[in-house]
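Single-structure report; data block below.
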Amino acid sequence: MSVDLYRDDLNAISGTDLFSAITAFCRISEPVEDRPQEDYRLDFKQEWKEEAIRVVASFANTFGGILFVGIADEKGKPKEIIGASSKSEMKTRIASSIASNISPTPAYDIAECAIPTDTTKKVCVIRVRRGTDLYLLTTKGESNPAYVRNADESRPARAAELRALIEQRSATTPQSNLARRLDEWQQFGVTTNGIRPNSPRLCSEAFLKIITLPTPPSKLVLDQALEEHVFRTVKLRYPGVHGFLPSAVELDEQRGRDSYELRWRHPGLDFERKWRVNSGGEFGFTTQLKYGLTESGDFWSLCDVALALIGTLAATGEWWEASGYFGDARLIAWLSVGGLPLYKLNRYPHGFAPLFYSRGMWPDKSKWPMKPINVPEYPFAEAETTLSPDVLTPTDPQNGSGCVAEADLNYSSLRARDEMANTTALVLNQFVRSLGHVANLRTLRASTEYLTGQLQIDR
(Lines give C-alpha, C1' and ligand atoms only; values in the text may rest on other atoms or scores of the structure.)
Protein backbone atom coordinates (compact mmCIF):
# COMPACT_ATOMS: atom_id res chain seq x y z
CA MET A 1 0.00 0.00 0.00
CA SER A 2 1.41 3.40 -0.99
CA VAL A 3 2.05 6.04 1.67
CA ASP A 4 0.90 9.66 1.26
CA LEU A 5 3.40 11.74 3.22
CA TYR A 6 1.15 14.79 3.04
CA ARG A 7 -1.88 13.08 4.62
CA ASP A 8 -1.12 9.74 6.33
CA ASP A 9 -0.37 9.35 10.04
CA LEU A 10 3.43 9.53 10.15
CA ASN A 11 3.62 7.90 13.57
CA ALA A 12 1.81 4.81 12.28
CA ILE A 13 4.39 4.15 9.54
CA SER A 14 7.24 1.75 10.29
CA GLY A 15 10.83 2.83 9.66
CA THR A 16 11.17 0.51 6.67
CA ASP A 17 7.92 1.72 5.10
CA LEU A 18 8.83 5.34 5.78
CA PHE A 19 12.17 5.01 4.00
CA SER A 20 10.42 3.35 1.05
CA ALA A 21 7.87 6.19 0.98
CA ILE A 22 10.63 8.83 1.02
CA THR A 23 12.49 7.02 -1.75
CA ALA A 24 9.32 6.84 -3.85
CA PHE A 25 8.53 10.51 -3.16
CA CYS A 26 12.01 11.71 -4.20
CA ARG A 27 12.14 9.49 -7.31
CA ILE A 28 15.93 9.28 -7.14
CA SER A 29 16.01 6.50 -9.74
CA GLU A 30 14.27 8.71 -12.30
CA PRO A 31 15.81 11.48 -14.43
CA VAL A 32 16.50 14.71 -12.57
CA GLU A 33 13.82 16.60 -14.47
CA ASP A 34 11.16 14.17 -13.21
CA ARG A 35 12.01 14.56 -9.53
CA PRO A 36 9.96 16.83 -7.22
CA GLN A 37 10.97 20.49 -7.11
CA GLU A 38 11.11 22.61 -3.97
CA ASP A 39 8.14 24.96 -3.89
CA TYR A 40 5.75 26.72 -1.52
CA ARG A 41 5.12 23.48 0.41
CA LEU A 42 8.30 21.43 -0.06
CA ASP A 43 11.92 21.77 1.05
CA PHE A 44 14.99 19.52 1.32
CA LYS A 45 17.85 19.93 3.79
CA GLN A 46 20.94 17.79 4.22
CA GLU A 47 21.37 18.68 7.91
CA TRP A 48 19.23 20.22 10.64
CA LYS A 49 20.64 23.74 11.01
CA GLU A 50 19.38 27.26 11.67
CA GLU A 51 18.11 27.54 8.10
CA ALA A 52 15.76 24.60 8.70
CA ILE A 53 14.13 26.42 11.64
CA ARG A 54 13.29 29.27 9.27
CA VAL A 55 11.66 26.84 6.84
CA VAL A 56 9.41 25.44 9.58
CA ALA A 57 8.34 28.93 10.68
CA SER A 58 7.70 30.04 7.10
CA PHE A 59 5.56 26.97 6.39
CA ALA A 60 3.47 27.63 9.53
CA ASN A 61 2.97 31.29 8.55
CA THR A 62 1.90 30.59 4.96
CA PHE A 63 0.62 27.35 3.45
CA GLY A 64 2.11 24.58 5.56
CA GLY A 65 4.45 22.05 3.97
CA ILE A 66 6.91 19.18 4.28
CA LEU A 67 10.59 19.50 5.14
CA PHE A 68 12.92 16.53 4.59
CA VAL A 69 16.17 16.43 6.59
CA GLY A 70 18.93 14.10 5.42
CA ILE A 71 18.47 14.62 1.67
CA ALA A 72 21.08 16.39 -0.46
CA ASP A 73 19.58 18.57 -3.19
CA GLU A 74 20.77 20.30 -6.32
CA LYS A 75 18.91 23.36 -7.56
CA GLY A 76 15.93 22.44 -5.39
CA LYS A 77 15.60 18.83 -6.54
CA PRO A 78 16.59 15.79 -4.44
CA LYS A 79 20.00 14.51 -5.48
CA GLU A 80 20.72 11.75 -2.96
CA ILE A 81 19.21 10.33 0.25
CA ILE A 82 22.35 10.41 2.35
CA GLY A 83 20.93 10.78 5.86
CA ALA A 84 22.08 13.05 8.66
CA SER A 85 24.41 11.76 11.36
CA SER A 86 22.60 11.19 14.64
CA LYS A 87 23.72 9.00 17.53
CA SER A 88 20.36 9.38 19.29
CA GLU A 89 16.75 9.87 18.19
CA MET A 90 16.82 12.61 15.60
CA LYS A 91 13.16 13.63 15.78
CA THR A 92 13.43 14.33 19.51
CA ARG A 93 16.36 16.70 18.96
CA ILE A 94 14.53 18.47 16.14
CA ALA A 95 11.32 18.75 18.17
CA SER A 96 13.21 20.30 21.05
CA SER A 97 14.90 22.75 18.67
CA ILE A 98 11.55 23.84 17.19
CA ALA A 99 9.97 24.32 20.62
CA SER A 100 12.98 26.37 21.78
CA ASN A 101 13.26 28.62 18.72
CA ILE A 102 9.73 29.27 17.43
CA SER A 103 6.97 30.92 19.47
CA PRO A 104 4.26 29.83 19.66
CA THR A 105 5.23 26.31 18.67
CA PRO A 106 3.52 25.46 15.35
CA ALA A 107 1.47 22.32 14.85
CA TYR A 108 3.46 19.64 13.05
CA ASP A 109 4.03 15.91 12.71
CA ILE A 110 7.48 14.34 12.66
CA ALA A 111 8.90 10.91 11.89
CA GLU A 112 12.34 9.47 11.24
CA CYS A 113 13.94 6.38 9.75
CA ALA A 114 17.46 5.04 9.35
CA ILE A 115 19.32 4.56 6.08
CA PRO A 116 19.22 0.76 5.52
CA THR A 117 22.92 0.63 4.63
CA ASP A 118 24.02 2.78 7.59
CA THR A 119 21.81 2.91 10.70
CA THR A 120 23.81 5.85 12.14
CA LYS A 121 22.40 8.03 9.36
CA LYS A 122 18.78 9.20 9.71
CA VAL A 123 16.20 10.82 7.45
CA CYS A 124 13.50 12.92 9.07
CA VAL A 125 10.15 14.14 7.73
CA ILE A 126 8.61 17.24 9.34
CA ARG A 127 5.09 17.98 8.14
CA VAL A 128 4.08 21.49 9.23
CA ARG A 129 0.46 22.67 9.28
CA ARG A 130 -0.55 26.25 8.49
CA GLY A 131 -1.42 27.83 11.82
CA THR A 132 -3.81 30.48 13.09
CA ASP A 133 -1.08 32.40 14.96
CA LEU A 134 1.90 34.42 13.85
CA TYR A 135 4.97 32.21 14.40
CA LEU A 136 8.11 34.12 15.32
CA LEU A 137 11.73 33.02 15.62
CA THR A 138 13.18 33.47 19.09
CA THR A 139 16.70 32.36 18.15
CA LYS A 140 19.33 34.52 19.81
CA GLY A 141 20.72 37.06 17.38
CA GLU A 142 17.91 36.60 14.83
CA SER A 143 17.22 40.04 13.37
CA ASN A 144 14.19 38.95 11.31
CA PRO A 145 11.74 37.07 13.56
CA ALA A 146 8.91 36.64 11.00
CA TYR A 147 9.47 34.38 7.97
CA VAL A 148 7.19 33.54 5.06
CA ARG A 149 7.41 31.05 2.19
CA ASN A 150 7.72 32.49 -1.30
CA ALA A 151 7.98 29.84 -4.04
CA ASP A 152 11.00 27.72 -3.02
CA GLU A 153 12.41 30.30 -0.60
CA SER A 154 11.94 31.00 3.11
CA ARG A 155 12.65 34.68 3.65
CA PRO A 156 11.90 37.47 6.16
CA ALA A 157 8.42 38.95 5.86
CA ARG A 158 8.29 42.43 4.33
CA ALA A 159 6.32 45.13 6.12
CA ALA A 160 3.23 44.68 3.95
CA GLU A 161 3.37 40.89 4.30
CA LEU A 162 3.76 41.13 8.06
CA ARG A 163 0.79 43.49 8.32
CA ALA A 164 -1.29 41.10 6.20
CA LEU A 165 -0.31 38.15 8.39
CA ILE A 166 -1.34 40.04 11.53
CA GLU A 167 -4.66 41.07 10.01
CA GLN A 168 -5.40 37.52 8.82
CA ARG A 169 -4.65 36.07 12.24
CA SER A 170 -6.80 38.68 13.97
CA ALA A 171 -9.72 37.89 11.67
CA THR A 172 -9.48 34.11 11.69
CA THR A 173 -8.27 33.20 15.19
CA PRO A 174 -11.24 31.55 16.96
CA GLN A 175 -12.18 32.29 20.53
CA SER A 176 -10.42 30.06 22.98
CA ASN A 177 -12.21 26.77 23.60
CA LEU A 178 -10.28 26.24 26.82
CA ALA A 179 -13.37 26.61 29.00
CA ARG A 180 -15.25 23.98 26.98
CA ARG A 181 -12.33 21.57 27.18
CA LEU A 182 -12.07 22.09 30.93
CA ASP A 183 -15.76 21.25 31.33
CA GLU A 184 -14.92 17.71 30.27
CA TRP A 185 -12.62 17.42 33.31
CA GLN A 186 -15.17 18.59 35.89
CA GLN A 187 -16.10 15.04 36.92
CA PHE A 188 -12.48 13.91 37.12
CA GLY A 189 -11.99 13.69 40.87
CA VAL A 190 -11.18 11.45 43.81
CA THR A 191 -13.42 10.13 46.57
CA THR A 192 -13.18 9.20 50.21
CA ASN A 193 -15.08 6.83 52.51
CA GLY A 194 -18.62 7.72 53.50
CA ILE A 195 -19.70 8.64 57.01
CA ARG A 196 -20.85 5.10 57.83
CA PRO A 197 -19.51 1.70 56.75
CA ASN A 198 -20.83 0.60 53.34
CA SER A 199 -22.31 4.05 52.66
CA PRO A 200 -21.62 5.69 49.25
CA ARG A 201 -18.22 7.26 48.78
CA LEU A 202 -18.02 11.04 48.94
CA CYS A 203 -16.09 13.55 46.85
CA SER A 204 -12.84 14.36 48.64
CA GLU A 205 -12.62 17.91 50.00
CA ALA A 206 -8.82 17.81 50.12
CA PHE A 207 -7.36 17.14 46.66
CA LEU A 208 -4.88 18.17 43.99
CA LYS A 209 -5.87 18.08 40.30
CA ILE A 210 -3.48 18.85 37.44
CA ILE A 211 -4.50 19.04 33.76
CA THR A 212 -2.21 19.73 30.78
CA LEU A 213 -4.01 20.80 27.60
CA PRO A 214 -2.17 20.99 24.25
CA THR A 215 -2.85 24.16 22.24
CA PRO A 216 -4.19 23.44 19.74
CA PRO A 217 -5.66 20.05 20.70
CA SER A 218 -3.89 17.05 19.25
CA LYS A 219 -5.75 14.45 17.18
CA LEU A 220 -4.92 10.98 18.43
CA VAL A 221 -6.34 7.52 18.02
CA LEU A 222 -5.92 5.75 21.34
CA ASP A 223 -4.78 2.14 21.18
CA GLN A 224 -3.44 -0.52 23.51
CA ALA A 225 0.18 0.48 22.95
CA LEU A 226 -0.45 4.08 24.08
CA GLU A 227 -2.47 2.89 27.09
CA GLU A 228 0.29 0.52 28.15
CA HIS A 229 2.78 3.35 27.81
CA VAL A 230 0.68 5.48 30.19
CA PHE A 231 0.54 2.60 32.67
CA ARG A 232 4.34 2.22 32.64
CA THR A 233 4.86 5.97 32.92
CA VAL A 234 2.63 6.19 36.00
CA LYS A 235 4.61 3.48 37.76
CA LEU A 236 7.89 5.18 36.88
CA ARG A 237 7.07 8.83 37.52
CA TYR A 238 4.91 8.70 40.67
CA PRO A 239 6.93 7.34 43.61
CA GLY A 240 4.90 5.31 46.07
CA VAL A 241 2.26 4.12 43.62
CA HIS A 242 4.27 1.08 42.56
CA GLY A 243 5.65 0.21 45.97
CA PHE A 244 2.59 -1.24 47.65
CA LEU A 245 1.87 -4.94 47.73
CA PRO A 246 -0.63 -5.67 44.93
CA SER A 247 -3.01 -7.35 47.35
CA ALA A 248 -3.38 -4.11 49.29
CA VAL A 249 -4.31 -1.94 46.31
CA GLU A 250 -7.30 -1.69 43.97
CA LEU A 251 -6.20 -0.88 40.44
CA ASP A 252 -8.87 -0.23 37.81
CA GLU A 253 -8.72 0.77 34.16
CA GLN A 254 -11.56 2.44 32.26
CA ARG A 255 -11.51 2.77 28.49
CA GLY A 256 -13.69 4.97 26.32
CA ARG A 257 -13.56 5.72 22.64
CA ASP A 258 -11.52 8.86 23.28
CA SER A 259 -10.09 8.33 26.77
CA TYR A 260 -8.16 5.99 29.05
CA GLU A 261 -8.31 6.27 32.84
CA LEU A 262 -6.31 4.51 35.54
CA ARG A 263 -7.55 4.51 39.15
CA TRP A 264 -5.38 3.54 42.13
CA ARG A 265 -6.94 3.09 45.57
CA HIS A 266 -5.64 1.80 48.90
CA PRO A 267 -8.80 0.79 50.86
CA GLY A 268 -7.01 0.35 54.18
CA LEU A 269 -5.66 3.90 54.09
CA ASP A 270 -8.66 5.41 52.27
CA PHE A 271 -6.35 7.00 49.69
CA GLU A 272 -7.16 7.39 45.99
CA ARG A 273 -5.40 8.69 42.86
CA LYS A 274 -6.40 8.83 39.17
CA TRP A 275 -4.74 9.44 35.81
CA ARG A 276 -6.46 10.09 32.48
CA VAL A 277 -5.40 10.76 28.90
CA ASN A 278 -7.58 11.46 25.88
CA SER A 279 -7.48 11.75 22.10
CA GLY A 280 -6.88 15.49 22.37
CA GLY A 281 -3.44 14.77 23.83
CA GLU A 282 -4.55 15.95 27.28
CA PHE A 283 -3.06 14.45 30.46
CA GLY A 284 -4.74 14.61 33.86
CA PHE A 285 -3.78 13.57 37.38
CA THR A 286 -5.71 13.92 40.63
CA THR A 287 -5.05 12.72 44.16
CA GLN A 288 -6.37 13.00 47.68
CA LEU A 289 -4.27 15.13 50.01
CA LYS A 290 -5.51 14.27 53.51
CA TYR A 291 -3.08 12.19 55.49
CA GLY A 292 -3.84 11.14 59.04
CA LEU A 293 -1.07 10.91 61.63
CA THR A 294 -1.49 8.93 64.83
CA GLU A 295 -2.23 11.24 67.78
CA SER A 296 -1.62 14.30 65.62
CA GLY A 297 -4.67 14.55 63.37
CA ASP A 298 -4.98 15.11 59.62
CA PHE A 299 -2.64 17.25 57.51
CA TRP A 300 -1.78 18.14 53.92
CA SER A 301 1.81 18.24 52.66
CA LEU A 302 3.34 20.96 50.48
CA CYS A 303 6.15 18.56 49.58
CA ASP A 304 3.61 15.98 48.35
CA VAL A 305 2.15 18.65 46.05
CA ALA A 306 5.62 19.55 44.73
CA LEU A 307 6.49 15.91 44.02
CA ALA A 308 3.14 15.32 42.32
CA LEU A 309 3.66 18.37 40.09
CA ILE A 310 7.16 17.21 39.10
CA GLY A 311 5.90 13.70 38.36
CA THR A 312 3.01 15.03 36.26
CA LEU A 313 5.27 17.28 34.18
CA ALA A 314 7.63 14.38 33.49
CA ALA A 315 4.73 12.03 32.68
CA THR A 316 3.17 14.62 30.35
CA GLY A 317 6.43 14.94 28.41
CA GLU A 318 6.66 11.19 27.95
CA TRP A 319 2.98 10.96 26.96
CA TRP A 320 3.44 13.64 24.31
CA GLU A 321 6.57 12.00 22.96
CA ALA A 322 4.79 8.63 22.68
CA SER A 323 1.77 10.18 20.99
CA GLY A 324 3.78 12.39 18.63
CA TYR A 325 2.85 15.83 20.02
CA PHE A 326 5.65 18.40 20.25
CA GLY A 327 3.84 21.71 20.69
CA ASP A 328 2.60 24.13 23.35
CA ALA A 329 0.20 23.53 26.21
CA ARG A 330 -1.49 25.10 29.18
CA LEU A 331 -1.22 23.62 32.66
CA ILE A 332 -4.09 24.27 35.05
CA ALA A 333 -4.01 22.93 38.59
CA TRP A 334 -6.50 23.03 41.43
CA LEU A 335 -5.56 22.67 45.09
CA SER A 336 -8.18 22.24 47.79
CA VAL A 337 -6.88 21.62 51.31
CA GLY A 338 -10.34 21.28 52.88
CA GLY A 339 -9.38 23.32 55.91
CA LEU A 340 -6.53 20.95 56.83
CA PRO A 341 -3.39 22.39 58.45
CA LEU A 342 -0.13 22.43 56.53
CA TYR A 343 2.33 19.78 57.69
CA LYS A 344 5.75 20.90 58.88
CA LEU A 345 8.32 18.90 60.79
CA ASN A 346 8.69 21.20 63.77
CA ARG A 347 10.89 18.67 65.57
CA TYR A 348 13.53 18.65 62.84
CA PRO A 349 15.43 21.30 60.85
CA HIS A 350 14.44 19.84 57.48
CA GLY A 351 11.43 21.96 56.63
CA PHE A 352 8.28 20.73 54.90
CA ALA A 353 8.15 16.95 54.73
CA PRO A 354 6.21 14.52 52.52
CA LEU A 355 3.40 12.38 53.87
CA PHE A 356 2.30 10.14 50.99
CA TYR A 357 5.87 10.13 49.70
CA SER A 358 7.51 9.53 53.08
CA ARG A 359 8.61 5.99 52.09
CA GLY A 360 7.98 4.57 55.54
CA MET A 361 10.74 6.56 57.20
CA TRP A 362 8.72 8.78 59.51
CA PRO A 363 6.60 9.47 61.45
CA ASP A 364 4.52 6.25 61.16
CA LYS A 365 6.83 3.59 59.75
CA SER A 366 4.15 0.93 59.66
CA LYS A 367 1.83 2.93 57.42
CA TRP A 368 3.78 3.20 54.17
CA PRO A 369 5.82 0.09 53.27
CA MET A 370 6.83 1.40 49.85
CA LYS A 371 9.94 1.24 47.72
CA PRO A 372 9.53 3.11 44.39
CA ILE A 373 11.35 1.49 41.49
CA ASN A 374 13.14 4.71 40.47
CA VAL A 375 14.75 5.47 43.85
CA PRO A 376 18.46 4.61 43.89
CA GLU A 377 18.72 4.21 47.66
CA TYR A 378 16.13 3.03 50.17
CA PRO A 379 15.19 4.29 52.54
CA PHE A 380 15.93 7.95 51.85
CA ALA A 381 17.27 10.14 54.58
CA GLU A 382 14.58 12.49 55.82
CA ALA A 383 16.34 15.58 54.47
CA GLU A 384 16.38 14.18 50.93
CA THR A 385 12.61 14.32 50.53
CA THR A 386 11.74 17.61 52.19
CA LEU A 387 11.42 21.18 51.04
CA SER A 388 13.69 23.76 52.61
CA PRO A 389 12.31 25.33 55.83
CA ASP A 390 12.43 28.83 54.32
CA VAL A 391 10.42 28.21 51.14
CA LEU A 392 7.47 29.90 52.85
CA THR A 393 6.32 31.36 56.12
CA PRO A 394 3.08 29.61 57.18
CA THR A 395 0.27 31.80 58.43
CA ASP A 396 -2.64 30.79 60.61
CA PRO A 397 -5.45 30.76 59.84
CA GLN A 398 -5.33 30.21 56.06
CA ASN A 399 -7.21 32.55 53.73
CA GLY A 400 -9.65 30.03 52.32
CA SER A 401 -9.11 26.39 51.43
CA GLY A 402 -8.96 26.21 47.62
CA CYS A 403 -7.06 27.84 44.77
CA VAL A 404 -6.13 27.58 41.08
CA ALA A 405 -2.73 27.97 39.40
CA GLU A 406 -1.76 28.12 35.71
CA ALA A 407 1.43 27.91 33.65
CA ASP A 408 2.46 27.76 30.00
CA LEU A 409 4.32 24.68 28.76
CA ASN A 410 5.91 23.35 25.61
CA TYR A 411 7.63 20.12 24.70
CA SER A 412 11.10 21.57 25.24
CA SER A 413 10.28 22.76 28.77
CA LEU A 414 9.33 19.20 29.77
CA ARG A 415 12.73 17.77 28.86
CA ALA A 416 14.98 19.76 31.19
CA ARG A 417 15.27 19.56 34.96
CA ASP A 418 15.62 23.32 35.47
CA GLU A 419 12.57 24.11 33.30
CA MET A 420 10.36 21.60 35.15
CA ALA A 421 11.63 22.86 38.48
CA ASN A 422 10.84 26.43 37.48
CA THR A 423 7.30 25.52 36.38
CA THR A 424 6.74 23.60 39.62
CA ALA A 425 7.96 26.55 41.69
CA LEU A 426 5.70 29.00 39.82
CA VAL A 427 2.64 26.82 40.44
CA LEU A 428 3.53 26.27 44.11
CA ASN A 429 4.03 30.01 44.52
CA GLN A 430 0.52 30.69 43.21
CA PHE A 431 -0.93 28.04 45.50
CA VAL A 432 0.68 29.09 48.76
CA ARG A 433 0.07 32.79 48.24
CA SER A 434 -3.59 32.14 47.43
CA LEU A 435 -3.81 30.27 50.74
CA GLY A 436 -2.38 33.26 52.58
CA HIS A 437 1.19 32.05 53.13
CA VAL A 438 4.30 34.08 52.31
CA ALA A 439 6.42 32.33 49.67
CA ASN A 440 10.08 32.68 48.75
CA LEU A 441 10.10 31.97 45.00
CA ARG A 442 13.89 31.84 44.74
CA THR A 443 14.12 29.16 47.43
CA LEU A 444 11.16 27.31 45.93
CA ARG A 445 13.04 27.07 42.63
CA ALA A 446 16.15 25.72 44.31
CA SER A 447 14.16 23.17 46.33
CA THR A 448 12.10 21.92 43.39
CA GLU A 449 15.21 21.58 41.23
CA TYR A 450 16.76 19.47 43.98
CA LEU A 451 13.66 17.25 44.12
CA THR A 452 13.71 16.68 40.36
CA GLY A 453 17.26 15.46 40.79
CA GLN A 454 16.23 13.06 43.55
CA LEU A 455 13.52 11.64 41.27
CA GLN A 456 15.98 11.25 38.37
CA ILE A 457 13.94 13.49 36.10
CA ASP A 458 16.74 14.31 33.61
CA ARG A 459 15.60 12.90 30.27
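The values are calculated or read from the model by the stated rules, or taken from the named source; none is laboratory data. Model, not experiment: these values are computed from the prediction. A quick note on method: Cβ atoms are made from the backbone with ideal geometry, for glycine too, and the neighbour counts reach across all protein chains shown.
Assorted remarks:
- Screening region 263-291 for residues that are surrounded by fewer than 21 Cβ atoms within 10 Å (Cβ to Cβ) and without any contact (Cβ under 8 Å) to a residue 40 or more places away in the chain and picking the one that is farthest from the chain's Cα centre (by Cα) gives Gly268.
- Among the residues of region 204-236, those identified as buried (at least 23 other Cβ atoms within 10 Å of the Cβ) and either touching a Ser or Thr at 6+ places or on another chain (Cβ under 8 Å) or without any contact (Cβ under 8 Å) to a residue 24 or more places away in the chain (or both) are Phe207, Leu208, Ile210, Thr212.
- So Thr132, is it farther than 27 Å from Val3 by Cα, among the β-branched types (Val, Ile, Thr) and surrounded by fewer than 23 Cβ atoms within 10 Å (Cβ to Cβ): yes
- When region 328-351 is limited to residues that are at pLDDT below 90 and part of a strand (DSSP E or B), the one that is surrounded by the most Cβ atoms within 10 Å (Cβ to Cβ) turns out to be Ala329.
- Residues located in region 175-212, provided they are assigned to a strand (DSSP E or B), among the aliphatic types (A, V, I, L, M) and farther than 24 Å from Gly280 by Cα: Leu202, Ala206
- Annotation for region 179-193: no member residue is closer than 25 Å to Thr62 by Cα and not β-branched (Val, Ile, Thr).
- Flag if Asn150 is over 27 Å from Glu38 (Cβ atoms), touching a helix residue (DSSP H, G or I) at 6+ places or on another chain (Cβ under 9 Å) and not small (Gly, Ala, Ser): no
- Flag for Thr117 being in contact (Cβ under 8 Å) with a residue 24 or more places away in the chain and surrounded by fewer than 18 Cβ atoms within 10 Å (Cβ to Cβ): no
- Single residue of region 6-41 satisfying the filter (closer than 30 Å to Leu136 by Cα, touching a strand residue (DSSP E or B) at 6+ places or on another chain (Cβ under 7 Å) and in contact (Cβ under 8 Å) with a residue 60 or more places away in the chain) that is surrounded by the fewest Cβ atoms within 10 Å (Cβ to Cβ): Tyr6
- All strands (runs of 3 or more DSSP E) inside region 213-327 with 2 or more residues being of a type outside the set (A, V, I, L, M) and at pLDDT 90 or above: 250-255, 259-266, 271-278, 283-288
This table checks each residue for (1) over 24 Å from Leu134 (Cβ atoms); (2) of a type in the set (Lys, Arg); (3) at pLDDT below 95.
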residue: Lys49; (1), (2), (3): no, yes, yes
residue: Val69; (1), (2), (3): yes, no, no
residue: Ile81; (1), (2), (3): yes, no, no
residue: Ala84; (1), (2), (3): yes, no, yes
residue: Lys87; (1), (2), (3): yes, yes, yes
residue: Lys91; (1), (2), (3): yes, yes, yes
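- Number of residues in region 427-444 that are in a helix (DSSP H, G or I) and crowded, with 20+ Cβ neighbours inside 10 Å: the value is 5.
- Residue selected from region 112-127 under the condition modelled with pLDDT of 95 or more and of a type in the set (Val, Ile, Thr), by the criterion farthest from the chain's Cα centre (by Cα): Val123
- One residue from Phe19, Phe25, Phe44 being of a type outside the set (Gly, Ala, Ser), over 22 Å from Gly131 (Cβ atoms), over 28 Å from the mean Cα position of the chain (by Cα) and in a strand (DSSP E or B): Phe44
- Qualifying positions in region 47-69 - farther than 15 Å from Asn150 by Cα and in a loop (DSSP other than H, G, I, E, B): Glu47, Trp48, Lys49
- Residue satisfying condition, being polar (S, T, N, Q), out of contact with any Gly (no Cβ under 7 Å at 6 or more places or on another chain) and in a strand (DSSP E or B), within set Ser96, Ser88, Ser154, Ser100: Ser154
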